[in-house]
Amino acid sequence: MLKIEKLTVEVAGKVLLRDLDLEVKKGHTNILFGPNGAGKSALMRTIMGFSGYKVISGRILFNGEELAELSVDERAKRGIGIMMQRPPDISGVRLRELIKATSRGRIEPEALAKTLDLKPFLDRDVNVGFSGGEIKRSELLQLAAQDPAFFLLDEPESGVDLVSIGQIGKLIRKMLSAGIKCPGERYEKGKSALIITHTGQILDYVRADRGYILCEGRIMCSGNPLELLDEIKSRGYEECIRCKLKS
Ligand SMILES: Nc1ncnc2c1ncn2[C@@H]1O[C@H](COP(=O)(O)OP(=O)(O)OP(=O)(O)O)[C@@H](O)[C@H]1O
Ligand SMILES: [Mg+2]
């Protein structure tokens, strides 16, 4: 569904991603690991088409279509949705209005907000004054409303308390397996996702198919995500780089 081939990306005159290959098959969930500053968020922002992320070479294909010439909203219309690591505050726009717009009127904001305990937030400006955990839930609510076919989730569990992680994890699992149920609508089963995690906590809730390790803008290796996580925990990212250099 998503195929990235030999992608090199530059931001502010600096190469952040180099010769990167990555693939997510339809219905699969892949995990992206990597140390701080490795380029993980930059990759997601490039896939989404945010400005400033300049593709120097290589290409990104979504359902066989090259994304290069498409704007952010065209990519969203193709079915890509993003949960950002640090989304902006949007003063003057109430969460309720955003939910109505992104769901194209097919979702009742109250009902959806109830699942994430966000009802009291519907009439507040998006993310303004929200706590870290509330922002994550608000992001997820917006994604649930958009109901994309492909999810880019940038550290969905970071800054979230232990109880809310369960709530968020279960909702992500539900969204990936069948979408949010809406009266009179049928959902295509098995959405796809690329999820960034440092702790791997999301893996307690979501069955992941493949993991990738990104260091210094390059993919070091890929494989079983739980095994990769164990390796990272026991040997660290330095060992990934050493191992790659040896090969
Ligand atoms: N617009 C920008 N201008 C200049 N440098 C940038 C820009 N965007 C990203 N960078 C730099 O690129 C590097 C990779 O950033 P990125 O946000 O992708 O890291 P990350 O892997 O997501 O790290 P973390 O785990 O801390 O979130 C960082 O050194 C960052 O400062
Ligand atoms: Mg990041």
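Results for (1) free of Cβ contacts under 8 Å to residues at least 12 places away in the same chain; (2) over 17 Å from ALA193 (Cα atoms); (3) polar (S, T, N, Q), shown as yes or no for each residue.
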residue	(1), (2), (3)
LYS6	no, yes, no
VAL9	no, yes, no
LYS14	yes, yes, no
ARG18	no, yes, no
LEU22	no, no, no
GLY27	no, no, no
THR46	no, no, yes
PHE50	no, yes, no
VAL55	no, yes, no
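Pull up region 187-208, narrow it to residues that are more than 16 Å from ligand 1 (Cβ to nearest atom) and assigned to a strand (DSSP E or B), then point me to the one that is surrounded by the fewest Cβ atoms within 10 Å (Cβ to Cβ). For region 187-208, the residue satisfying everything is SER192. Scanning region 209-221 for residues that are over 19 Å from SER41 (Cβ atoms) and either hydrophobic (A, V, I, L, M, F, W, C) or assigned to a strand (DSSP E or B) (or both) yields ARG210, CYS221. Could you tell me whether any residue of region 1-19 is within 14 Å of the chain's Cα centre (by Cα) and either within 21 Å of GLY190 (Cα to Cα) or of a type in the set (Ser, Thr, Tyr) (or both)? Scanning region 1-19, I find at least one residue that is within 14 Å of the chain's Cα centre (by Cα) and either within 21 Å of GLY190 (Cα to Cα) or of a type in the set (Ser, Thr, Tyr) (or both), so the answer is yes. The set of residues in region 130-156 that are acidic (Asp, Glu) and part of a loop (DSSP other than H, G, I, E, B) comprises ASP147, GLU155. One residue stands out among those in region 47-92 that are within 17 Å of PRO148 (Cβ to Cβ) and polar (S, T, N, Q): the one that is surrounded by the fewest Cβ atoms within 10 Å (Cβ to Cβ), which is SER71.
Within region 74-129, the set of residues being over 28 Å from THR29 (Cβ atoms), of a type in the set (Gly, Ala, Ser) and part of a loop (DSSP other than H, G, I, E, B) comprises GLY105, GLY129. For region 53-89, the candidate set comprises residues that are within 25 Å of SER158 (Cα to Cα) and of a type in the set (Gly, Ala, Ser); within that set, the residue that is nearest to the chain's Cα centre (by Cα) is GLY81.
The set of residues in region 168-204 being acidic (Asp, Glu) and modelled with pLDDT of 90 or more consists of ASP204 alone. Taking region 20-52 as the range and being over 17 Å from the mean Cα position of the chain (by Cα) and either more than 27 Å from GLU239 (Cα to Cα) or within 16 Å of ligand 2 (Cβ to nearest atom) (or both) as the test, the residues that pass are LEU20, SER51, GLY52. Yes or no: region 21-31 includes at least one residue that is among the hydrophobic types (A, V, I, L, M, F, W, C), in contact with a strand residue (DSSP E or B) (Cβ under 7 Å, 6 or more places away or on another chain) and within 16 Å of ligand 1 (Cβ to nearest atom). The answer is yes; a qualifying residue exists.
The values are calculated or read from the model by the stated rules, or taken from the named source; none is laboratory data. Since the structure is predicted, the reported quantities are computational estimates derived from the model, not experimental observations. No Cβ is skipped: glycine too gets one built from the backbone with ideal geometry, and neighbour counts run over all protein chains shown.
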